[in-house]
1. On full extension of the chain, what length is gained from residue 207 through residue 115, given 0.36 nm per residue of separation minus the C-alpha to C-alpha distance?
2. Computed FRET efficiency, Cβ-Cβ of residue 143 and residue 74, R0 22 Å: what is it to the nearest 0.05?
3. Taking the Cβ-Cβ separation of residue 92 and residue 159 as r and a Förster radius of 45 Å, what is the calculated FRET efficiency to the nearest 0.05?
4. Given that compact globular proteins tend to follow 2.2 N^0.38 Å, what is the ratio of the alpha-carbon Rg of the range 70-261 to that value?
5. Please report the antiparallel percentage of the DSSP beta bridges confined to the range 70-261, to the nearest 5.
6. Please report 75, 235 as a ranked list, fewest other C-beta atoms within 10 angstrom at the top and most at the bottom.
7. Place a point 7 Å from Cα of residue 224 in the direction of its Cβ. Which residues in the range 181-215 have their backbone N less than 20 Å from it?
8. So if each residue of separation counts as 0.36 nm, and I subtract the Cα-Cα distance between residue 251 and residue 63, what length gain in nm does that give?
């Protein structure tokens, strides 16, 4: 349970004129019977939060919403990378010989799968062979917000991922993911791009654009993907190296959630003694 005390700390630039204590110097604690007095609430991270002493019922939780399993928590980007990697792991790709098709109408199809998946760029000691190998990264910023959603407990997750716990959404995260693939030859690269187009441009069971992927590793949250563009970026040197690259760019978003105690809301109680 949180410990509330009817103490107001004068923060000159942080408290509206009507909510300042009736006496005391700046930066000191004073007691006030004013209904506009602020209360100092201590947090487990060593900080103190100011709240209205007249906070209405339903404003505060009965206990701090700490992460009950911090050892297994994942940031939003890691959850998106895992979700996309699970999709790629299950895909089969087909490469075609375009020269043979043009000359004789013979596709000479060959099936293949990804050999390696990297999270972010490979290290110097990581071998790209055997190919194709792909890395999943976010080359730009991740944006955090709550467009129409807001912070709050997801009631339908109560007791689902642990008795007495629920998921708390603390943000909605959007970013652009990049798939960088290294292929052994041009036919393999064409097959990879074709397979990614089919996998990400539309849902397989309806006519919605993009994909909605349930990330089982991240409390079954939904990763939304919208395929944006693809680039080859070849030059003479890369063509002679025997490694053919492609970069596929995907708009992605997911809820950032934390598993917290399933506390109840209550009206704050203030002690009579300071």
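1. Details: separation 92, 0.36 × 92 = 33.12 nm, distance 3.09 nm.
My answer for the length gained is 30.0 nm.
2. For R0 = 22 Å, the calculated efficiency reads 0.80.
3. Details: r = 39 Å, r/R0 = 0.86.
The computed FRET efficiency comes out at 0.70.
4. On the way: Rg = 19.2 Å, N = 192, 2.2 N^0.38 = 16.2 Å.
Normalised Cα radius of gyration, the range 70-261: 1.19.
5. On the way: 45 of 49 bridges.
Around 90 percent of the beta bridges assigned by DSSP in the range 70-261 are antiparallel ones.
6. Numbers: 75 11, 235 8.
Lowest count first: 235, 75.
7. Within reach of a label on residue 224, which here means backbone N under 20 Å from a point 7 Å along Cα→Cβ, the range 181-215 contributes 199-215.
8. Numbers: separation 188, 0.36 × 188 = 67.68 nm, distance 3.69 nm.
The residue 251-residue 63 span can extend by a further 64.0 nm.
Readers should treat all values here as calculations from the given coordinates under stated rules, not as data from a laboratory. Note that the structure is a prediction, hence the values are computed from the model and not measured. With ideal geometry, Cβ positions are generated from the backbone for all residues, glycine too; neighbour counts draw on all protein chains shown.
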